[in-house]
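Take a look at the structure set out below.
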Amino acid sequence: MTYSPIILPVVALAIWFLVVLLTVLPGYLRLAFAEDFDPPLTEEEKARNSERSAERFTSAMSQPVLYYVICFALAHMGAGGGLASWLAWAFAISWAATRPPVSLSNKHLRCGAHTVSSISMYALAVYAGIQVTRDLLAAGG
């Protein structure tokens with residue numbers, strides 16, 4: 001069985017999500033069961049940790065659902081190679097660079113990574129739209 005090249009960055013991003021989850025989950029669980037620790041956390045530690053932990057957990061759990069939908073649609077149409085694959089990799093790498101375990105510390109690099117992920121996502125959506133339109137015109141004509 002052969003797979004479309006666009007599936008590889010999707011799988012890589014899904015694996016990255018699991019890595020992020022495994023790194024963020026212990027801190028989240030520590031906060032959830034703070035009373036069970038000896039010595040228990042002070043109120044100040046709980047407040048500081050809860051804000052940081054909730055932010056990291058929310059950021060880690062956000063998933064680029066539209067990315068997955070577009071990639072699977074392109075793979076299903078047989079248009080997942082070439083430009084689509086490159087755009088998918090650009091999105092996957094730049095999106096992963098902004099998640100908690102790596103999370104670029106330089107604000108300019110982080111802004112650049114967000115820009116690359118946004119542009120590649122828009123380009124991927126436009127590319128998918130062009131492919132669908134081309135297929136519909138070919139089927140109707």
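Assuming Gln63 fulfils every condition listed in (1) within 29 Å of Gly129 (Cα to Cα); (2) part of a helix (DSSP H, G or I); (3) at pLDDT below 85 apart from one, which condition is it?
That leaves (2) as the condition not met.
When the residues of the range 118-141 are filtered to those that are without any contact (Cβ under 8 Å) to a residue 12 or more places away in the chain, of a type in the set (Gly, Ala, Ser) and within 27 Å of Ala96 (Cβ to Cβ), which remaining residue is surrounded by the most Cβ atoms within 10 Å (Cβ to Cβ)?
Among residues in the range 118-141 that are without any contact (Cβ under 8 Å) to a residue 12 or more places away in the chain, of a type in the set (Gly, Ala, Ser) and within 27 Å of Ala96 (Cβ to Cβ), the one surrounded by the most Cβ atoms within 10 Å (Cβ to Cβ) is Ser118.
Given the condition among the hydrophobic types (A, V, I, L, M, F, W, C), loosely packed, with under 14 Cβ neighbours inside 10 Å and part of a helix (DSSP H, G or I), answer yes or no: does some residue in the range 100-111 qualify?
yes
Return the total of residues in the range 97-141 being at pLDDT below 85 and of a type in the set (A, V, I, L, M).
Number satisfying all stated conditions: 4.
Which condition number in (1) under 20 Å from Ala113 (Cβ atoms); (2) modelled with pLDDT under 85; (3) touching a helix residue (DSSP H, G or I) at 6+ places or on another chain (Cβ under 7 Å) is the one that Lys46 fails?
Single failed check for Lys46: (1).
The values are calculated or read from the model by the stated rules, or taken from the named source; none is laboratory data. These numbers come from a predicted model, not from an experiment. Using ideal geometry, Cβ is built from the backbone for each residue, glycine included, and neighbour counts are taken over all protein chains shown.
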